[in-house]
1. Taking H as built 1.01 Å from N, whose amide H comes closer than 5 Å to the amide H of A:A229, not counting residues under 5 places away?
2. Remind me, relative contact order of segment B:8-82 in percent, using alpha carbon pairs under 8 angstrom and six or more residues apart?
3. For B:I209 and A:A132, FRET efficiency with R0 = 35 Å and r from the beta-carbon atoms, rounded to 0.05?
4. If R₀ is 35 angstrom, what is the calculated FRET efficiency for the pair B:Q76 and B:A123, using the beta carbon separation as r and rounding to 0.05?
5. Where the label is 7 Å out from Cα toward Cβ, how close does B:R32 come to the same position in every other copy, in nm, shortest first?
6. At 222 nm, what value in deg cm²/dmol follows for the protein assembly as shown if DSSP H runs of at least 4 each add -39500 (n - 2.57) and the sum is divided by all its residues, to the nearest 500?
7. P(r) for the protein assembly as shown: what percent of alpha-carbon pairs falls in each 10 Å bin, starting at zero?
8. On the rotation axis linking copies A and B, which residue of A comes nearest by its Cβ, and by how many whole Å?
Protein chains: 2
Amino acid sequence: MTQASSSPALAQTDQRLPLHARVKDDLIRRVRANEWGSTTPLPPESALAEAYAISVGTLRRVLAELAADGILERHQGRGTYVRRATFQHSLFRFFRMQGGTGQTPGSRILERNTQNAPAHVAAALNVKEHSAVLHLHRLRLWQDTPFLIENIWLPLPQFQPIAEISLDELGSLLYPEYEKRIGLIIGSATEELSVTQATDGQAVLLNCISGDPLVKINRTARTHTGDVAEYRESHGLASSFRYQVEIN
Amino acid sequence: MTQASSSPALAQTDQRLPLHARVKDDLIRRVRANEWGSTTPLPPESALAEAYAISVGTLRRVLAELAADGILERHQGRGTYVRRATFQHSLFRFFRMQGGTGQTPGSRILERNTQNAPAHVAAALNVKEHSAVLHLHRLRLWQDTPFLIENIWLPLPQFQPIAEISLDELGSLLYPEYEKRIGLIIGSATEELSVTQATDGQAVLLNCISGDPLVKINRTARTHTGDVAEYRESHGLASSFRYQVEIN
DNA sequence: AAGTGGTCTAGACCACATA
DNA sequence: ATGTGGTCTAGACCACTTG
């Protein structure tokens, strides 16, 4: 007996792919569509398997892969949940912050203004050149010592609420503000590391000498659907930066 | 019917762990022990499952995990193989080498001598300070342009054969030479990235100005058993370095 | 006690590589 | 043609969490 037609839930997936791959694609789509908040569990294995008209074994395989990919979290007895982005692997983590443990760094907003997007910002944000963007210039501090200069660009009018709230409310963490003010959740990001030399202005802010090597980190942050929501350029003292990788 | 005792093959593994974890541990041990060269396949699923006295399904789960971890490679119809370290993810890859595709960079040995290990080298190689080590000083070239300075330290007497062969034979790739001359296979490595400024000597070799920012990469390479086999420090022009990560 | 995911089994059938 | 891994199923039993 061959399987003449599969579950309607899989209508939009590529029929040439094996079942487990099609189910995985569909679940990723549903997670991106925000079908489950991070506090509501996915349906149990049995229900999902029935809905997709596949066996529990096959579904389990898919869920295990999604958990391995960091998209889901599974807890025996509690359920399966969508994993919130933690950005544990951001390159920022590798600036050595002397003497502290797990506290969040402080931050001071130096400037907030509306700009016409410069070419490279427009390209990163995927908007037209010279279109209106919100620009934040921010200094991050560790125990009152500045260690990172950030320039952040956000597309308008989408981020207009961020342009209007008081600077005090733009506390150290921006992503929770995006979520609270405009219901936008950052799902992933790409970071690129390169090395530059401090300009006069940067030297003053970072308390170093003009020309000192800086590590520059460009981050493009996206929503679950893949739309670019934020672009930022950060500069920190290269002397306090260490990055380690395992290779196999 | 309960399973009174498991396969003798699992005698050395932790009995509190689930079966699949114990089998995985044992297979990792056997891979490290070099039981299968990279050209001889592992026994087929059916044989392995029988040897461990577990079902094929459970064994398949273990093999899939090992493949996901990059330890094994599986090919439908051909078999399961131990994966050779390719070092595709080495940080070296991120020096932008203008205009070339997949060719290997050239290399020129500037010096080869025997030293008493300086403190930081001894620490990295896990040998006593001042013990004898072989030191290689090498320049790596891309289309006849130098882009990387390497200093490599190898413990003696283990690497004595490398001290004796002609410099011509120390071609661009060292790891195949280690394998051929002393039967030593590099299985993994740790790399650490930091930023320095060019000394006068480095500036001459890299054709830059003294004080220019350099990217420094320290690599500690290990055998399958985890013993440190090589330590190297490499310096390249920061201006030609770009490194990109995805974060979730 | 009920419901969740975790472990393990047994076997059918398919797709690919090699000789 | 044979043997390899890949897909998928069906179901038993266990461990953990919560009310």
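1. Close amide H contacts, sequence-distant or interchain: A:A221, A:R222, A:T223.
2. The value is 34 percent.
3. 0.25
4. 0.15
5. For B:R32, the other copies' label points sit at 4.0 nm, shortest first.
6. That comes out to -7000 deg cm²/dmol.
7. Result returned by the calculation: 3, 14, 21, 23, 21, 13, 4, 0.
8. Value returned for chain A: A:P213, 2.
The values are calculated or read from the model by the stated rules, or taken from the named source; none is laboratory data. From a predicted model like this one, the values you see are computed outputs, not experimental measurements. All Cβ positions, glycine included, derive from the backbone under ideal geometry; neighbour counts span all protein chains shown. The accessibility values were calculated without ligands, DNA or RNA, using every heavy atom of the protein model including side chains. Shrake-Rupley method; radii C 1.70, N 1.55, O 1.52, S 1.80 Å.
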